[in-house]
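The values are calculated or read from the model by the stated rules, or taken from the named source; none is laboratory data. These numbers were taken from a predicted model, which means no experiment stands behind them. As a convention, Cβ positions derive from the backbone with ideal geometry for all residues, glycine included, and neighbour counts pool all protein chains shown.
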Amino acid sequence: MASSDTSLKHAVSPAEWEARVNLAATYRLTALFGWDDLVFTHISARVPGPEHHFLINPYGMMFDEITASSLVKVDLDGRKVSDSPYEINPAGFTIHSAVHAAREDAHCVMHTHSVNGVAVSVQEAGLLPLSQQSLGVLASLGYHDYEGIALNEDEKPRLVCDLGTNTYLMLRNHGLLTVGATAADAFVAMYFFEASCMIQVRAQSGGSKLTPIAQPILDGIRQQIAQVTRGTSPGALVWPGLLRRLNRMNPGYAE
């Protein structure tokens with residue numbers, strides 16, 4: 001783990017440092033919420049500035065111990081562009097680089113292998129309109145068929161096409177992906193994606209006939225969400241509270 005004497009705070013721009021702190025917090029919150037898969041998923045964030053540089057986790061470090069200084073800066077090909085004692089998993093950046101290259105608005109890309117998310121991803125019908133949590137997801141959801149471990153560069157255009165302009169992507173037999181203008185937005189989107197999958201799995205396990213939400217309600221959900229969030233993003237509303245919780249339970253990410 002990075003310590004105070006190895007902090008990059010004064011070696012990078014204030015904008016990059018802020019991005020590092022928020023991404024490190026996102027990793028630790030992912031572990032706190034139980035969505036991590038040891039070291040085998042990734043969250044990436046664009047470094048502010050004209051260069052196409054990105055931050056990603058050091059390979060082998062657990063999510064709950066990642067710090068702002070330990071994050072590795074890479075280019076779109078996954079090559080390190082600044083000194084770091086850590087390596088990354090090049091295969092892990094395949095999905096992320098494809099999305100970052102295609103979506104200028106996707107400043108943060110979050111991918112999980114959560115048990116609930118994978119469980120729903122294997123279901124032929126995918127995510128169902130069973131809960132209030134699912135409605136916002138369904139309004140901006142794509143699906144991508146499984147092509148094996150993400151090592152093949154040829155898969156990138158198909159993945160990008162399946163994501164389209166959506167916020168959410170269900171990777172069949174694999175997991176969940178969200179994008180956001182900020183790490184906060186990507187994380188909160190993943191919260192609702194994961195909650196929707198958890199509710200669906202639990203509802204199905206009850207054995208009773210399920211009651212889907214009517215299509216007209218789904219059609220109007222975007223306007224309702226805008227009213228509830230008062231014109232701001234859910235991430236902006238929730239992020240300060242999430243950081244307070246993280247500071248109580250697992251401080252040290254901003255090192």
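Tabulated values for the structure
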{"item": "Any helices (runs of 4 or more DSSP H) falling wholly within region 126-242 and containing at least 3 residues that are aliphatic (A, V, I, L, M)", "result": "132-138, 156-163, 183-205, 221-228"}
{"item": "Pair list, Cβ under 6 Å, 6 or more apart: region 49-78 residue at positive phi and at pLDDT below 95, other residue outside any strand (DSSP E or B) and crowded, with 18+ Cβ neighbours inside 10 Å", "result": "Gly78/Phe93"}
{"item": "Only listed residue being assigned to a helix (DSSP H, G or I) and more than 29 Å from Glu194 (Cβ to Cβ), chosen from Ala15, Ala11", "result": "Ala15"}
{"item": "Residue among Thr178, Thr165 that alone is of a type in the set (Val, Ile, Thr), modelled with pLDDT of 95 or more and in contact with a strand residue (DSSP E or B) (Cβ under 6 Å, 6 or more places away or on another chain)", "result": "Thr178"}
{"item": "Criterion: within 18 Å of Asn152 (Cβ to Cβ), in a loop (DSSP other than H, G, I, E, B) and in contact with a strand residue (DSSP E or B) (Cβ under 9 Å, 6 or more places away or on another chain) - qualifying residue of Gly92, Gly78", "result": "Gly78"}
{"item": "Matching residues in region 25-48 - criterion: being of a type outside the set (Val, Ile, Thr), at negative phi and part of a loop (DSSP other than H, G, I, E, B)", "result": "Phe33, Trp35, Asp36, Asp37, Phe40, His42, Pro48"}
{"item": "Every residue from region 176-206 that is within 14 Å of Val120 (Cβ to Cβ) and of a type outside the set (A, V, I, L, M, F, W, C)", "result": "Glu194, Ser196, Gln200, Arg202, Gln204, Ser205"}
{"item": "Extreme residue, nearest to Ser97 (Cα to Cα), among residues of region 176-194 that are surrounded by fewer than 24 Cβ atoms within 10 Å (Cβ to Cβ) and of a type in the set (Ser, Thr, Tyr)", "result": "Thr182"}
{"item": "Inter-residue pairs, beta-carbon under 6 Å, first small (Gly, Ala, Ser) and surrounded by 14 or more Cβ atoms within 10 Å (Cβ to Cβ) and in region 236-255, second part of a helix (DSSP H, G or I) and at pLDDT 95 or above, 6+ apart", "result": "Ala254/Val21"}
{"item": "Test for Ala181: is it farther than 28 Å from Gly241 by Cα and touching a residue at least 24 places away in the same chain (Cβ under 8 Å)", "result": "no"}
{"item": "Whichever residue in region 132-174 is under 18 Å from Pro90 (Cα atoms) and charged (D, E, K, R) and, among such residues, is surrounded by the fewest Cβ atoms within 10 Å (Cβ to Cβ)", "result": "Asp154"}
{"item": "Candidate set: region 37-47, residues that are free of Cβ contacts under 8 Å to residues at least 60 places away in the same chain and surrounded by 15 or more Cβ atoms within 10 Å (Cβ to Cβ); chosen: the one nearest to Phe193 (Cα to Cα)", "result": "Val39"}
{"item": "Filtered residues of region 99-125 (kept if within 22 Å of Asn22 (Cα to Cα), aliphatic (A, V, I, L, M) and either assigned to a helix (DSSP H, G or I) or out of contact with any strand residue (DSSP E or B) (no Cβ under 8 Å at 6 or more places or on another chain) (or both))", "result": "Val99, Ala101"}
{"item": "Top-ranked residue of region 81-103 - restricted to ones that are modelled with pLDDT under 95 and of a type in the set (D, E, K, R), ranked as surrounded by the most Cβ atoms within 10 Å (Cβ to Cβ)", "result": "Glu87"}
